């Protein structure tokens, strides 16, 4: 007998794997309720329809990922060390259940739910890239040198790791090669990102 559950957190927890594991267009609110083992009334009372439930699940995953995405380098770390630490942190984030669920929803449903793709880009990708650039700059200043990241480097670094550590598992048929070697992927992405940094010449900039 379906559980008369009205707690939104519990409903989201139950509904998340259902929405991740089944194409949204094939789901009805009744089908989701049956798969979750809860009453249709509970879902309709809290979310009204399947589209609103999908939005709530996706937003909840984005909230979880965004809350876990902050990284602080070790005090006094060099730029190279800070980048290596960030790459390892990012790999751990990509290993999380919340990130994998979010990535799968974005890949499968982003084209039909533009708000999801936009929220993922703004609240996850853009934030992590901006934090990465700020971290590199701060590490450089800590070492007495104004180090910056070239345009586009942070995003390419992020997408390289995401492709090798997340998409290679979610979509193996669409990603070239087998599942990436985790440590190798981390080191390669960090090395490439470090090569995209440069020493900013304040004097030349001021003269110009």
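The values are calculated or read from the model by the stated rules, or taken from the named source; none is laboratory data. These numbers come from a predicted model, not from an experiment. A quick note on method: Cβ atoms are made from the backbone with ideal geometry, for glycine too, and the neighbour counts reach across all protein chains shown.
Data overview
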read-out	value
Test: residue in segment 14-31 that is in contact with a strand residue (DSSP E or B) (Cβ under 8 Å, 6 or more places away or on another chain) and either part of a helix (DSSP H, G or I) or within 19 Å of residue 112 (Cα to Cα) (or both)	yes
Residues being crowded, with 20+ Cβ neighbours inside 10 Å, free of Cβ contacts under 8 Å to residues at least 40 places away in the same chain and either in contact with a strand residue (DSSP E or B) (Cβ under 7 Å, 6 or more places away or on another chain) or more than 13 Å from residue 12 (Cα to Cα) (or both) - total across segment 36-65	1
Some residue of segment 68-81 being under 28 Å from residue 8 (Cβ atoms), without any contact (Cβ under 8 Å) to a residue 12 or more places away in the chain and part of a helix (DSSP H, G or I)	no
Residue in segment 54-69 that is modelled with pLDDT under 90, in contact with a helix residue (DSSP H, G or I) (Cβ under 8 Å, 6 or more places away or on another chain) and closer than 23 Å to residue 116 by Cα present	no
Test set (1) modelled with pLDDT of 95 or more; (2) touching a helix residue (DSSP H, G or I) at 6+ places or on another chain (Cβ under 9 Å) - residue 73 fails condition number	(1)
Output for segment 106-123, where each listed residue is in contact with a helix residue (DSSP H, G or I) (Cβ under 6 Å, 6 or more places away or on another chain) and more than 20 Å from residue 19 (Cα to Cα)	123
Residue match in segment 120-136 (condition: without any contact (Cβ under 8 Å) to a residue 12 or more places away in the chain, assigned by TED's automatic domain parsing to the domain that holds residue 199 and over 13 Å from the mean Cα position of the chain (by Cα))	yes
Where residue 80 falls short, out of the listed (1) over 30 Å from residue 198 (Cβ atoms); (2) in the same structural domain as residue 193 (by TED's automatic domain parsing); (3) surrounded by fewer than 16 Cβ atoms within 10 Å (Cβ to Cβ); (4) in contact with a helix residue (DSSP H, G or I) (Cβ under 8 Å, 6 or more places away or on another chain)	(1)
Among (1) within 30 Å of residue 168 (Cα to Cα); (2) assigned to a loop (DSSP other than H, G, I, E, B) - the single one residue 64 does not satisfy	(2)
